[in-house]
Amino acid sequence: MFLKEFFYLQKSDRKVVLVFLSVVVISLLIIFVVGGRNDKTADNLSDSSSYDRNIRSSADSKGSYYIDGKRAELFTFDPNTADSTALLKLGLQPWQVRNIYKYRAAGGIYRSPEDFARLYGLTVKQYREMRPYIRISPDYSPAANIYSDNSHLADDYKKEPFQRDTVKYPLKLKAHECISLNLSDTTALKRVPGIGSGYARAIVRYREQLGGFYRVEQLREIEGFPEEAMKHFTIVSGSIHKIDINKLTLSQLRRHPYINFFQAKDILDYRRLRGSIHSLQDLRLLKDFPPSEIERLQPYVEF
């Protein structure tokens with residue numbers, strides 16, 4: 001039916017129909033041919049992916065690993081000197097690299113691979129992968145280690161051990177050396193064996209409250225003070241600051257460690273009723289001034 005109608009069409013219309021049919025046939029042929037090639041390409045790509053996986057696994061065994069789907073390289077590095085490019089290649093995040101730079105800028109040093117393991121955000125897997133490649137230069141070891149084994153030093157250096165005298169690590173006094181208890185500051189006091197910053201400040205604070213020490217044994221009044229340190233102190237005469245008990249108020253008298261509230265009140269009552277005090281013996285009849293109290297207060301008063 002279609003053929004009969006086709007021959008009844010005009011010549012120009014028949015040409016249009018033939019051209020349309022030709023285009024359809026050619027299109028079908030192209031689709032058939034190209035589709036077959038794509039199947040072969042897909043097979044080739046599958047083979048290529050398999051080959052890439054084999055190469056990847058081979059590369060991993062030679063110094064690489066994957067983190068978050070990205071390949072990271074493994075190579076020997078020193079965390080004290082590695083630059084940002086190397087650290088990023090190792091698989092570290094940019095913010096981790098910035099933390100490393102800040103740590104090094106602040107004077108921080110990685111002395112062992114375990115120190116690098118404390119990097120914030122570093123996973124156990126990453127550290128296990130990197131650990132065999134971490135190499136810490138001996139230049140970053142503590143200088144004191146040089147003297148822990150001095151077998152390689154010349155004889156002149158073996159005669160005396162290495163010593164350092166700094167504010168943080170003062171050189172301690174030897175067994176026969178002494179310093180003035182009333183004239184030494186905290187820096188000098190810390191040179192005494194057994195005396196650190198805490199005891200040095202306690203000595204200065206108690207010395208100011210007393211007005212000075214007149215006996216080394218007074219150091220026992222500082223809680224927990226080490227007995228072995230007392231042999232390194234001496235007392236210089238004339239270094240005691242005295243108070244005039246005839247002029248001071250109740251609150252001023254109480255500031256002295258050897259005068260309590262009741263003793264200060266007795267002093268004021270005596271001055272009010274009898275006048276000025278000429279000697280501590282004037283107070284010996286008061287119950288708050290036994291001989292022991294008068295004896296230890298005697299070096300600190302004047303009239």
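Taken together, the values in this text are just the output of simple stated rules run on the coordinates, not laboratory data. None of these values were measured; they are calculated from a predicted model. Reconstructed Cβ throughout: ideal geometry from the backbone, glycine too, with neighbour counts over all protein chains shown.
Does any residue in the stretch 170-188 that is within 22 Å of residue 206 (Cα to Cα) and in contact (Cβ under 8 Å) with a residue 40 or more places away in the chain come within less than 7 Å, Cβ to Cβ, of a residue that is among the polar types (S, T, N, Q) and surrounded by fewer than 17 Cβ atoms within 10 Å (Cβ to Cβ) six or more places away or on a different chain, and which pairs are these? Cβ pairs passing all conditions: 178/234; 180/234; 181/234; 182/239; 183/239. Among the residues of the stretch 276-303, just one is in contact with a helix residue (DSSP H, G or I) (Cβ under 8 Å, 6 or more places away or on another chain), acidic (Asp, Glu) and within 20 Å of residue 209 (Cα to Cα), namely 293. Pairing each residue of the stretch 249-277 that is among the aliphatic types (A, V, I, L, M) with any residue that is part of a helix (DSSP H, G or I) and surrounded by fewer than 14 Cβ atoms within 10 Å (Cβ to Cβ), provided the two are 6+ apart or on different chains, yields C-beta distances under 6 Å for 264/250; 268/250.
Taking the criterion of being touching a residue at least 12 places away in the same chain (Cβ under 8 Å) and not in a helix (DSSP H, G or I), the residues of the stretch 278-303 that qualify are 278, 279, 286, 288, 289, 301, 302, 303.
Of all the residues in the stretch 237-275, those that are of a type outside the set (A, V, I, L, M, F, W, C), surrounded by 12 or more Cβ atoms within 10 Å (Cβ to Cβ) and over 20 Å from residue 210 (Cβ atoms) number 4.
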